[in-house]
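Here the structure is laid out as structure tokens; the discussion comes afterwards.
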Amino acid sequence: MSDRLSELEQIHTIVKQNPKELPSETRKQFWKIVRQIKRESSPNEEEITKAAVIRDILFEANRGRTYPLGPVLSLEIIIGLLAVWIYLWALETPLDWTMLLTWDLSNWMTFVLRFLFVFAAIVFLYPIGRVIAGKWAGIKLVGMCRDQYYEPTVKIDYVTFLKAPASKRKWFFFFAGLWTVITSLWLWILGMIVAWDYTALIPAVVLTVFEGAVIISGNPSAARGEMGHYNREKRIERAWKRNLAKMREESQVD
């Protein structure tokens, strides 16, 4: 048994006892080991499996129950499309954007109604981005759950996640974040076609600025959303590429 696997076994024993009251030192040590595994060009299967078991225990303790992917995702898509339909219905009430500075209360209420349902559509259709990215990256998705902000998200199968190349993990999160912008933009185009409406352009601009700023900052915090995860995996990718190059060099020498 490797030293790292032995450490994971010890952490697993501690985690099983009380995952909600895990000592911060133990938590930090676990995620340090996970980062080490991610940097490996050919990670150990036993280490991956054990790390995934520990992560799932911690995930459930922090996020609560995970629901079946198919039924919940279908429900979310239906709700998202319903929000799109209500947005289109709201477009029947005239709103002159050239007179924005002279809008009265009725105009602002119409705008707020449109914006709320555009936002709802973005939120409920967001998981589709992870599904598409997961299919491309070979990362399985095991169910629906809440994120740290109590919004719906898709739970990742951690075994396939750790086995995926670092570059694919990076682009998985990038596309999932980009999907929110894509959703905003096609809603804007739809609004422009139907009623020359700019409502959906606002979240598209805000999301683009926010996600772009996160990428530029390099902040790897999970609080920065998908682009925070992207930054984290991008950092790990550098070490992963070095290890991959080293492994290839050693195989050529042999």
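The values are calculated or read from the model by the stated rules, or taken from the named source; none is laboratory data. Values in this document were obtained by computation on a predicted structure and should not be read as measured data. When we count neighbours, we look across all protein chains shown, and the Cβ atoms used for this are built from the backbone with ideal geometry, even at glycine.
Condition test on GLU76, is it out of contact with any Gly (no Cβ under 8 Å at 6 or more places or on another chain), in contact (Cβ under 8 Å) with a residue 12 or more places away in the chain, assigned by TED's automatic domain parsing to the domain that holds VAL194 and among the charged types (D, E, K, R)? So GLU76 fits the description; yes. Just to be sure, is VAL112 surrounded by 15 or more Cβ atoms within 10 Å (Cβ to Cβ), among the hydrophobic types (A, V, I, L, M, F, W, C) and over 20 Å from the mean Cα position of the chain (by Cα)? No.
Within the option set TYR126, TYR87, TYR158, being at pLDDT 95 or above, among the aromatic types (Phe, Trp, Tyr) and either touching a His at 6+ places or on another chain (Cβ under 7 Å) or closer than 24 Å to ALA223 by Cβ (or both) holds for one residue only, TYR158. When the range 205-226 is limited to residues that are closer than 18 Å to ARG146 by Cα and touching a helix residue (DSSP H, G or I) at 6+ places or on another chain (Cβ under 7 Å), the one that is surrounded by the most Cβ atoms within 10 Å (Cβ to Cβ) turns out to be GLU226. Restricting to the range 1-47, name every residue that is closer than 25 Å to PRO220 by Cβ, polar (S, T, N, Q) and part of a loop (DSSP other than H, G, I, E, B). Scanning the range 1-47 gives SER41, SER42, ASN44. In the range 118-130, the condition of being closer than 25 Å to ILE33 by Cβ and either acidic (Asp, Glu) or out of contact with any helix residue (DSSP H, G or I) (no Cβ under 6 Å at 6 or more places or on another chain) (or both) is met by no residue.
Taking every residue in the range 178-201 that is on the phi < 0 side of the Ramachandran plot and assigned to a helix (DSSP H, G or I) and pairing it with any residue that is polar (S, T, N, Q) and surrounded by fewer than 17 Cβ atoms within 10 Å (Cβ to Cβ), at least 6 positions away or on another chain, the pairs with Cβ-Cβ distances below 6 Å are VAL181/THR208. Can you spot a residue in the range 31-42 that is acidic (Asp, Glu), under 25 Å from the mean Cα position of the chain (by Cα) and either over 21 Å from GLU237 (Cβ atoms) or surrounded by 15 or more Cβ atoms within 10 Å (Cβ to Cβ) (or both)? For the range 31-42, residues acidic (Asp, Glu), under 25 Å from the mean Cα position of the chain (by Cα) and either over 21 Å from GLU237 (Cβ atoms) or surrounded by 15 or more Cβ atoms within 10 Å (Cβ to Cβ) (or both): present.
Has the range 100-108 got any residue that is closer than 28 Å to GLY177 by Cβ and over 18 Å from the mean Cα position of the chain (by Cα)? No, the range 100-108 contains no residue that is closer than 28 Å to GLY177 by Cβ and over 18 Å from the mean Cα position of the chain (by Cα). Looking at GLU21, GLU25, GLU46, GLU92, just one residue is surrounded by fewer than 15 Cβ atoms within 10 Å (Cβ to Cβ) and in contact with a Leu (Cβ under 7 Å, 6 or more places away or on another chain), and that residue is GLU46. The set of residues in the range 128-156 being part of a loop (DSSP other than H, G, I, E, B) and either touching a Pro at 6+ places or on another chain (Cβ under 8 Å) or touching a residue at least 60 places away in the same chain (Cβ under 8 Å) (or both) consists of ASP147, GLN148.
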